[in-house]
1. Could you look through region 103-140, keep only residues that are in contact with an Asp or Glu (Cβ under 7 Å, 6 or more places away or on another chain) and exposed (fewer than 13 other Cβ atoms within 10 Å of the Cβ), and pick out the one that is modelled with the highest pLDDT?
2. How many of the residues in region 92-102 are surrounded by 12 or more Cβ atoms within 10 Å (Cβ to Cβ) and closer than 18 Å to Ile49 by Cα?
3. Kindly indicate the residue of region 93-122 that is assigned to a loop (DSSP other than H, G, I, E, B) and among the hydroxyl-bearing types (Ser, Thr, Tyr) and also farthest from the chain's Cα centre (by Cα) among those meeting that condition.
4. Out of Ala86, Ala56, Ala130, Ala90, I need the residue that is without any contact (Cβ under 8 Å) to a residue 12 or more places away in the chain and at negative phi. Which one?
5. Return yes or no: is Pro23 surrounded by 14 or more Cβ atoms within 10 Å (Cβ to Cβ), modelled with pLDDT under 85, more than 17 Å from Leu82 (Cα to Cα) and not small (Gly, Ala, Ser)?
6. Output the qualifying pairs, or none if there are none: Cβ atoms under 6 angstrom, residues six or more apart or on different chains, first residue in region 98-113 and in contact (Cβ under 8 Å) with a residue 40 or more places away in the chain, second residue in a loop (DSSP other than H, G, I, E, B).
Amino acid sequence: MSNTCSTVQGELALAVDATASFPNPAQDYYEGPVSLDKALIKRPVSTYIVRMRGDALASRGINDGDELLVDRSIDPRPGRVLVVVADGPAGREHRVGVFELIGGRAYLVSDVEEMPLTVDVEPWGVATVAIKHLPGLGSL
């Protein structure tokens with residue numbers, strides 16, 4: 001008996017091929033299609049996908065091409081991965097880092113910089129999940 005993966009009505013479903021031999025006891029525990037959005041996203045209305053560009057958070061296991069699920073309804077707190085909107089060379093841009101308190105001041109810290117969080121830097125959302133792409137496959 002082999003396991004296969006198929007698409008049913010736009011959802012990822014787990015399917016099992018049938019054989020004439022002894023039935024698979026795990027078939028009695030089939031719970032329906034797998035829904036990654038239901039499993040990973042608690043607040044769909046306020047959650048967005050942000051694709052990481054660059055390796056500024058490689059020390060946190062977040063690399064170029066990884067996707068972050070970012071919830072805009074969560075309050076920023078020290079230690080959380082935070083997405084902010086800040087002025088950059090091309091105008092307003094999204095930046096990603098870890099929210100840290102250093103010497104009593106708030107910073108967005110990455111492997112390459114420490115950006116003070118000022119009135120010109122707007123918190124945009126908190127990353128709740130990082131989706132890692134395995135080597136050799138890239139983004140699908």
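1. The residue in question is Lys132.
2. Looking only at that region, the number is 5.
3. Thr118
4. Ala90
5. So Pro23 does not fit the description; no.
6. Within 6 Å, the pairs are Ser110/Ala56; Asp111/Ala56; Val112/Ala56.
The values are calculated or read from the model by the stated rules, or taken from the named source; none is laboratory data. As the structure is a prediction and not an experimental result, all values here were calculated from the model. With ideal geometry, Cβ positions are generated from the backbone for all residues, glycine too; neighbour counts draw on all protein chains shown.
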